[in-house]
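The values are calculated or read from the model by the stated rules, or taken from the named source; none is laboratory data. Here the structure is a predicted model, which means the values were calculated and not measured. Note that each Cβ is placed from the backbone with ideal geometry, even for glycine, and that neighbours are counted across all protein chains shown.
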Amino acid sequence: MPELPEVETVKRTLNELVTDKTIAAVTVSLPRIIQRPAEPEQFAGALAGRTIRTVERRGKFLRLILDGLVLVSHLRMEGRYGLYRTGEPVDKHTHVIFHFQDGTELRYKDVRQFGTMHLFEPGEDLMLPPLNKLGLEPLEEEFTPEALRGRLKGKTSKMKPLLLNQSYIAGLGNIYVDEALFQAGIHPEAGVDELKPSDWKKLYASIRSTLERAVEAGGSSVKSYVNGQGDAGSFQHELLVYGRKNEPCRSCGTLITKSVVGGRGTHVCLQCQPLPHSLRIASKQQRLSVIK
C-alpha cells in the first residue's frame, strides 16, 4: 500500500497542485530517502530553479517531470505528499520539502520512512533501477489477454505471487490481486498451466475493471492513504473479499476465508474460487494418509 489506483490518484492530484510551479530550494531532513544522487545536497542543488511540468506514473512509482530532470518517487507503505503555504506548522514526519517560488511548499511525509527518491536525466530513469525492470502497465493498450498470458507462460509459481511480481505486471498489490482473482473465479494457488483460455480472458477483464473502478473511487483507504489534498479514497467500501474474513461472500453467501499465499495474507471464497485440481488431489492424498 499504496497500489496502482492510489498512486494514480496522487499523480492526478499533484498535477492539479504543482504543475508549472518552480522550485526555489529543497530541504532534506532524512538523507536516506534520497537514493540518487548520493548526497542530499546534490539532490537539492540540482532541483533548485527547475519547474515541474507534469507528473506521471509507472507502476507504483511517481515520475515528476521537470525542466531537464525526472524525479522518481516511491511512496512505499506510508509516504504522502501535501501542498502547504510557507510558514504553516511542519509535521515531525516531514522529511523532504520542495519550496516553490510562489510561497507554497510540497511536503513529503513518511511515518515509516521507507519511501525513496531518485533523480535522473530525461529518459535515463526508464533504463535504470528502479523502473527498468517493471512489467506490463495494466491500464495501457499493451495489456491484453494475450500479453498477460504470454508474460506468465511457463512460470511455475502460483497465480497470486506471479501477479504480485512487479517485473511481470506493474502496480498490482495485495488488495487488488485478491479482488481480481475473486472476480475471475480463480483460486490464488492455481498454477499457470491450470488456467483455460477463458480464464485468461476473465482474469484480464477483472484486473482492468477492478483497477479502473478503484481509480474512479480515488483508491482504497484501508489504512492511512490519502491523496495530495488530504482526501481519503472510497473503494474500500466496494471490496468483495479483501479484509472480509469470516464475512459472507456477496455473490454466494459462503464465508470468506483468509490464508497465507506466497507470504501474503490472502482472502478467498472457496465456492466462487474452487481449489485447483492439483490442490484437490494433494488434499485427498493427505486425508487418505491420515486415515491409514
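Just a few scattered comments:
- The requirement of being under 20 Å from the mean Cα position of the chain (by Cα) and closer than 27 Å to Arg264 by Cα is fulfilled somewhere in segment 98-110, by at least one residue.
- Only one entry in Leu119, Leu71, Leu106, Leu83 is part of a strand (DSSP E or B), touching a Pro at 6+ places or on another chain (Cβ under 9 Å) and over 25 Å from Leu163 (Cα atoms), namely Leu119.
- Verdict on Glu212 being surrounded by fewer than 17 Cβ atoms within 10 Å (Cβ to Cβ) and of a type in the set (Asp, Glu): yes
- The single condition among (1) in contact with a His (Cβ under 9 Å, 6 or more places away or on another chain); (2) assigned to a loop (DSSP other than H, G, I, E, B); (3) more than 21 Å from Thr27 (Cβ to Cβ) that Asp125 does not satisfy is (2).
- Long-range neighbours under 8 Å by Cβ, at least six apart or interchain, first residue at positive phi within segment 86-104, second modelled with pLDDT of 95 or more and assigned to a strand (DSSP E or B): Gly103/Arg85
- Residue satisfying all of: in segment 136-156; part of a loop (DSSP other than H, G, I, E, B) and without any contact (Cβ under 8 Å) to a residue 40 or more places away in the chain; surrounded by the most Cβ atoms within 10 Å (Cβ to Cβ) among these: Lys155
- Criterion violated by Arg80 - all others in (1) in contact (Cβ under 8 Å) with a residue 24 or more places away in the chain; (2) among the basic types (Lys, Arg); (3) surrounded by fewer than 19 Cβ atoms within 10 Å (Cβ to Cβ) satisfied: (3)
- Sole residue being among the polar types (S, T, N, Q) and modelled with pLDDT under 95, chosen from Ser224, Ser167: Ser224
- Any chance Asp199 is among the acidic types (Asp, Glu), farther than 17 Å from Leu4 by Cβ and buried (at least 17 other Cβ atoms within 10 Å of the Cβ): yes
- Single residue of Phe61, Phe43 found to be more than 29 Å from Leu163 (Cβ to Cβ), surrounded by 20 or more Cβ atoms within 10 Å (Cβ to Cβ) and not aliphatic (A, V, I, L, M): Phe43
One line per residue, one yes/no per condition, for (1) part of a loop (DSSP other than H, G, I, E, B); (2) out of contact with any strand residue (DSSP E or B) (no Cβ under 7 Å at 6 or more places or on another chain):
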position	(1), (2)
Pro2	yes, yes
Glu8	no, no
Thr13	no, yes
Glu16	no, yes
Val26	no, no
Arg32	no, yes
Glu41	no, yes
Ile65	no, no
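- Failed item in (1) over 26 Å from the mean Cα position of the chain (by Cα); (2) at pLDDT below 95, with Met1 passing the rest: (1)
- Of all residues in segment 86-103, those that are of a type in the set (Val, Ile, Thr) and assigned to a loop (DSSP other than H, G, I, E, B) total 2.
- No other residue among Asp193, Asp199 is assigned to a helix (DSSP H, G or I), in the same structural domain as Leu270 (by TED's automatic domain parsing), closer than 13 Å to Gln273 by Cβ and without any contact (Cβ under 8 Å) to a residue 60 or more places away in the chain apart from Asp199.
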